[in-house]
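Worksheet: the structure to be examined is printed underneath.
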Amino acid sequence: NGIDMVTADDRRWPEGQYGLPTRNGKLKEVDRFDAAFFNVHPKQAHNMDPQLRLLLEVTYESICDAGINPTKLRGTKTGVFIGASGSDAQTAFSSDPQTLEGYSMTGCATSMFANRLSYFFDFKGPSYTVDTACSSSLLALDCALNALRSGACDSAIVGGVNLCFRPQTSLQFLKLQMLSNDGACRAFDSSGTGYVRSETVATVFIQKRQDAKRLYATVLHSKTNTDGWKKDGITFPSGAMQKTLLENIYNEIHLDPNLVGYVEAHGTGTRAGDPQEINSIAQVFCSKREQPLLIGSTKSNMGHPEPASGVAALAKLLVAIQDGHLPANLHYNSPNTDIQGLTDGRLKVVTEKTELPNNLMAINSFGFGGANVHAVLDVNRNRKEIENSSRNETRIAITCARTADGCENILKRLKQSENNIELQALMTENSFHPSYTHPYRGFTLLNSTESSTIVQKCNNERRPIWFIFSGMGTQWSGMGRDLMELKIFRQSIEKSAVVLEKYNIDLFKLILQSTPADLDQPINSFVSIAAIQIALVDCLKTMGVQPDGIVGHSVGELGCAYADGCFTAEETILAAYFRGKCIQEANLPAGAMAAVGLTWEECKEMCPSDISPACHNAIDTVTISGPKQSVENFVAELKEKKNFC
């Protein structure tokens with residue numbers, strides 16, 4: 001969108017201190033951390049590098065973004081590979097020997113940047129921090145890919161982090177003539193004189209393709225090499241070795257580099273770095289292209305986050321994939337004349353929002369010590385919505401969060417995308433976090449005229465789940481009709497209907513078209529109640545809802561028998577049928593039952609001799625039973641006395 005994220009302010013140190021450029025890239029609110037959520041002791045939290053605190057946060061987010069509940073990964077062979085180059089915070093926390101407590105060691109050691117993540121999430125795969133300077137985080141991706149291929153891990157967190165707290169570090173880069181004097185990174189431009197330091201914390205969750213619920217892109221291959229000895233010194237980049245790396249990686253996967261549509265270059269805007277890199281790109285990618293190769297560098301937009309630059313570039317491409325467009329490079333006005341591919345038209349810098357050229361994209365990342373990394377991505381552009389009638393049907397959306405506002409914001413987002421069942425599916429997976437971490441629960445209705453959203457705080461105590469099965473008398477014309485829209489419910493009814501066909505019972509007609517008179521027949525009411533209770537149990541068990549207890553009354557006892565596995569669905573529906581048949585064909589004297597507003601003692605005293613108190617419902621409610629005419633007469637007498645009946 002053309003916004004320059006590099007700013008001039010004193011959030012890290014006074015502007016212009018030590019003659020440094022006034023502009024640099026800075027993250028906001030790095031001083032905040034929910035220590036309790038991440039189970040970090042207050043003393044440790046106060047002595048923990050903000051880089052590590054932020055890594056914990058974004059790792060949690062990246063797993064949720066993949067549509068996975070982080071608790072489901074506990075104990076799994078998940079690897080952690082983090083690119084980082086140091087800890088300015090450790091220097092600050094260790095400056096005064098009188099205040100040292102030891103916590104800065106476990107809070108700031110770069111090894112902990114990976115190991116602390118594995119500890120908190122209980123990951124059992126490889127876990128280490130990679131430091132090859134500016135190529136660290138893309139090399140971390142290469143390490144993760146190799147670990148996945150070798151079976152060392154089944155999934156992986158790949159990340160990079162860089163926070164700039166010490167102006168002395170920037171001063172060293174300035175002395176090495178690597179920084180832009182005016183704080184602007186003019187990648188590929190003739191006026192480029194260096195880069196601007198910047199900050200990033202980012203992680204991505206890498207899975208094998210068949211396990212992924214949400215697919216942005218597939219990593220086709222990655223590879224690394226090193227410059228080795230160079231006559232111009234260790235920090236001078238080697239275009240020849242970069243070219244060798246590119247040739248090797250595409251040969252290994254038998255892919256013509258001329259088919260790649262976009263390359264996210266390292267592109268630091270330095271006098272030596274850009275020509276060495278971009279000339280090697282032109283030689284490998286532009287031997288027989290019909291259209292110019294599009295190139296860009298995120299450093300022009302946000303500065304250079306050094307060890308995190310690889311994952312920052314990857315994040316840029318993932319956002320571009322979601323949007324379908326590449327963002328514009330900034331500060332590019334005239335091509336660097338030392339880059340022949342720009343002057344002869346084989347290469348084109350993306351200077352305005354541009355549609356993705358095709359499915360193949362690549363990333364370059366190079367360290368100032370000579371460690372080179374390249375990765376190739378195949379974009380997932382098959383994002384068409386599959387036809388599904390439930391998109392427009394009324395559905396319930398649920399969520400959980402740390403705060404009430406969090407719940408409301410999520411539900412509001414779901415309301416704004418009511419037809420996006422894929423988004424809802426991803427969010428639902430993360431709606432079952434433990435109540436001690438996410439104490440607020442909320443729900444709303446999608447595709448409904450009802451606008452109410454309910455959010456409440458719950459306690460940590462697990463409430464028991466009971467299945468309660470009602471009996472005769474609870475039937476009503478139209479019951480279960482709307483539930484037939486649920487696939488599992490309908491399939492269950494279909495199975496029960498097949499069982500009843502041989503007895504000339506049309507279960508579908510009873511549910512979809514019955515009248516109150518139809519359900520006055522015992523057989524019809526019994527099989528309808530039983531079939532619906534069977535279908536409800538099937539729906540609940542499909543959703544993973546298991547009861548702690550079950551209780552039933554009358555025909556509802558058959559529902560209990562099915563819920564605890566004593567009866568099969570067929571046995572349950574047949575038992576209901578034959579029970580109804582026995583009652584219907586028994587030719588017994590007409591009887592009746594009624595609920596009356598009396599205490600048990602009052603009922604025993606007031607009931608005529610042929611009427612009995614049958615069920616003690618509550619302190620002032622009793623069900624009576626007896627001959628039909630007698631019950632009707634007694635009920636009429638009670639109503640005259642203004643008693644509930």
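Here is a yes/no grid of residues against (1) within 22 Å of Q521 (Cβ to Cβ); (2) touching a helix residue (DSSP H, G or I) at 6+ places or on another chain (Cβ under 8 Å); (3) loosely packed, with under 12 Cβ neighbours inside 10 Å:
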{"position": "V551", "(1), (2), (3)": "no, yes, no"}
{"position": "L558", "(1), (2), (3)": "yes, yes, no"}
{"position": "I573", "(1), (2), (3)": "yes, yes, no"}
{"position": "D620", "(1), (2), (3)": "no, no, no"}
{"position": "I624", "(1), (2), (3)": "no, yes, no"}
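Residues of segment 489-505 being modelled with pLDDT under 95 and within 23 Å of G552 (Cα to Cα), which ones?
Selection gives nothing.
Being surrounded by 14 or more Cβ atoms within 10 Å (Cβ to Cβ) and among the charged types (D, E, K, R) is the filter; apply it to segment 210-223 and report the residue that is farthest from G273 (Cα to Cα).
The selected residue is R214.
Does E602 satisfy being charged (D, E, K, R) and at pLDDT below 95? Reasoning before the result, please.
On the way: charged (D, E, K, R): yes; at pLDDT below 95: yes.
Here the answer is yes, as E602 does meet what is asked.
Against the definition (surrounded by fewer than 17 Cβ atoms within 10 Å (Cβ to Cβ) and either within 28 Å of S365 (Cβ to Cβ) or not basic (K, R) (or both)), how does S94 come out, yes or no? Step through it out loud before you land on a result.
Details: surrounded by fewer than 17 Cβ atoms within 10 Å (Cβ to Cβ): yes; either within 28 Å of S365 (Cβ to Cβ) or not basic (K, R) (or both): yes.
So S94 fits the description; yes.
Please give the helices (runs of 4 or more DSSP H) falling wholly within segment 261-332 in which 1 or more residues are out of contact with any Phe, Trp or Tyr (no Cβ under 7 Å at 6 or more places or on another chain), aromatic (F, W, Y) and touching a residue at least 24 places away in the same chain (Cβ under 8 Å).
Details: elements: 273-285, 299-302, 309-323.
Here the list reads 273-285.
Can you pull out every residue in segment 46-69 that is β-branched (V, I, T) and over 21 Å from E199 (Cβ atoms)? Spell out how you get there, then give the answer.
Applying the first criterion (β-branched (V, I, T)) to segment 46-69 yields 58-59, 63, 68.
Across segment 46-69, the qualifying residues are I63, I68.
Being in contact with a Ser or Thr (Cβ under 8 Å, 6 or more places away or on another chain) and among the polar types (S, T, N, Q) is the filter; apply it to segment 334-350 and report the residue that is nearest to P257 (Cα to Cα). Walk me through how you get there before you give the answer.
Filtering segment 334-350 for residues in contact with a Ser or Thr (Cβ under 8 Å, 6 or more places away or on another chain) gives 334-337, 343.
With among the polar types (S, T, N, Q) added as a condition, the list becomes 334, 336-337, 343.
On the way: S334: 26, N336: 23, T337: 24, T343: 21 Å.
Residue satisfying both the conditions and the ranking: T343.
Residues in segment 202-242 that are under 18 Å from C134 (Cα atoms) and out of contact with any strand residue (DSSP E or B) (no Cβ under 9 Å at 6 or more places or on another chain): how many?
6
Mind checking whether some residue in segment 224-234 is modelled with pLDDT of 95 or more, aromatic (F, W, Y) and surrounded by fewer than 20 Cβ atoms within 10 Å (Cβ to Cβ)?
Yes, some residue in segment 224-234 is modelled with pLDDT of 95 or more, aromatic (F, W, Y) and surrounded by fewer than 20 Cβ atoms within 10 Å (Cβ to Cβ).
Which of the residues belonging to segment 573-619 are under 59 Å from the mean Cα position of the chain (by Cα) and assigned to a loop (DSSP other than H, G, I, E, B)?
G597, L598, T599, I619 - these are the residues of segment 573-619 that are under 59 Å from the mean Cα position of the chain (by Cα) and assigned to a loop (DSSP other than H, G, I, E, B).
Taking the condition of being out of contact with any Leu (no Cβ under 8 Å at 6 or more places or on another chain), more than 15 Å from K26 (Cβ to Cβ), hydroxyl-bearing (S, T, Y) and at pLDDT 95 or above, how many residues in segment 192-207 meet it?
Summing the residues that are out of contact with any Leu (no Cβ under 8 Å at 6 or more places or on another chain), more than 15 Å from K26 (Cβ to Cβ), hydroxyl-bearing (S, T, Y) and at pLDDT 95 or above in segment 192-207 gives 0.
The conditions are (1) buried (at least 22 other Cβ atoms within 10 Å of the Cβ); (2) in contact with an Asp or Glu (Cβ under 9 Å, 6 or more places away or on another chain); (3) more than 24 Å from G324 (Cβ to Cβ), and S280 fails exactly one of them. Which is it?
Of the numbered conditions (1) buried (at least 22 other Cβ atoms within 10 Å of the Cβ); (2) in contact with an Asp or Glu (Cβ under 9 Å, 6 or more places away or on another chain); (3) more than 24 Å from G324 (Cβ to Cβ), the odd one out for S280 is (2).
Quick check on segment 240-247. Is at least one of its residues in contact with a Lys or Arg (Cβ under 8 Å, 6 or more places away or on another chain), in contact (Cβ under 8 Å) with a residue 60 or more places away in the chain and farther than 19 Å from K348 by Cβ?
Scanning segment 240-247 turns up at least one residue that is in contact with a Lys or Arg (Cβ under 8 Å, 6 or more places away or on another chain), in contact (Cβ under 8 Å) with a residue 60 or more places away in the chain and farther than 19 Å from K348 by Cβ.
Is it the case, given these coordinates, that D256 is surrounded by fewer than 16 Cβ atoms within 10 Å (Cβ to Cβ) and either among the β-branched types (V, I, T) or at pLDDT below 95 (or both)?
Details: surrounded by fewer than 16 Cβ atoms within 10 Å (Cβ to Cβ): yes; either among the β-branched types (V, I, T) or at pLDDT below 95 (or both): no.
Taking the combined requirement at face value, the residue does not satisfy it.
Give me the pairs: first residue in segment 634-645 and within 11 Å of A595 (Cα to Cα) and part of a loop (DSSP other than H, G, I, E, B), second residue modelled with pLDDT of 90 or more and among the basic types (K, R), beta-carbon distance under 6 Å, and six or more apart or on different chains, which are they?
C645/K639
If you go through segment 247-275 one residue at a time, how many are under 34 Å from the mean Cα position of the chain (by Cα) and under 25 Å from C185 (Cβ atoms)?
The qualifying residues number 9.
Pull out all pairs, ordered by first then second residue, where Cβ-Cβ is under 6 Å, the residues are six or more apart or on different chains, the first lies in segment 120-149 and is closer than 24 Å to R74 by Cβ and not assigned by TED's automatic domain parsing to the domain that holds T106, and the second is modelled with pLDDT of 95 or more and not in a loop (DSSP other than H, G, I, E, B).
none
Report every pair of residues separated by at least 6 positions or lying on different chains whose Cβ atoms are under 8 Å apart, first residue within segment 53-80 and assigned by TED's automatic domain parsing to the domain that holds I206 and surrounded by fewer than 21 Cβ atoms within 10 Å (Cβ to Cβ), second assigned to a helix (DSSP H, G or I) and acidic (D, E).
G67/E429; N69/E429
Give me the residue from segment 2-35 that is touching a residue at least 12 places away in the same chain (Cβ under 8 Å) and of a type in the set (A, V, I, L, M) and, out of that set, surrounded by the fewest Cβ atoms within 10 Å (Cβ to Cβ).
That would be I3.
So V537 clears everything in (1) in contact (Cβ under 8 Å) with a residue 60 or more places away in the chain; (2) in contact with a Ser or Thr (Cβ under 6 Å, 6 or more places away or on another chain) except one condition, right? Which one?
For V537, the failing item is (2).
Could you count how many residues in segment 416-456 are assigned to a loop (DSSP other than H, G, I, E, B) and within 17 Å of the chain's Cα centre (by Cα)? Break it down stepwise before answering.
The first filter runs over segment 416-456 and keeps only residues assigned to a loop (DSSP other than H, G, I, E, B), leaving 417-420, 430-439, 447-452.
Within this subset, residues satisfying the condition of being within 17 Å of the chain's Cα centre (by Cα) are 417, 420, 430-434, 437-438.
Qualifying residue count, segment 416-456: 9.
Condition (residue is closer than 30 Å to D65 by Cβ and among the aliphatic types (A, V, I, L, M)) applied to segment 494-508: is it met by at least one residue?
Initial filter on segment 494-508 (closer than 30 Å to D65 by Cβ): none.
No, there is no match, as no residue in segment 494-508 is closer than 30 Å to D65 by Cβ and among the aliphatic types (A, V, I, L, M).
Have a look at S452, S417, S477 and point out the one that is among the polar types (S, T, N, Q), under 29 Å from G552 (Cα atoms), surrounded by fewer than 17 Cβ atoms within 10 Å (Cβ to Cβ) and outside the structural domain of I624 (by TED's automatic domain parsing). Steps first, answer last, please.
On the way: S452 fails: under 29 Å from G552 (Cα atoms); S417 fails: under 29 Å from G552 (Cα atoms).
It is S477.
Right, F33: within 21 Å of S431 (Cβ to Cβ) and of a type outside the set (S, T, N, Q) or not? Before you say what the answer is, go through the steps one by one.
On the way: within 21 Å of S431 (Cβ to Cβ): no; of a type outside the set (S, T, N, Q): yes.
So F33 does not fit the description; no.
Looking at (1) on the phi < 0 side of the Ramachandran plot; (2) out of contact with any strand residue (DSSP E or B) (no Cβ under 6 Å at 6 or more places or on another chain), which is the one condition that is false for E29?
(1)
Residue by residue through segment 283-302, note down the ones that are out of contact with any His (no Cβ under 6 Å at 6 or more places or on another chain), under 14 Å from A184 (Cβ atoms) and among the small types (G, A, S).
S297
The values are calculated or read from the model by the stated rules, or taken from the named source; none is laboratory data. Fair warning: this is a prediction, and the values are worked out from it, not measured in the lab. All Cβ positions, glycine included, derive from the backbone under ideal geometry; neighbour counts span all protein chains shown.
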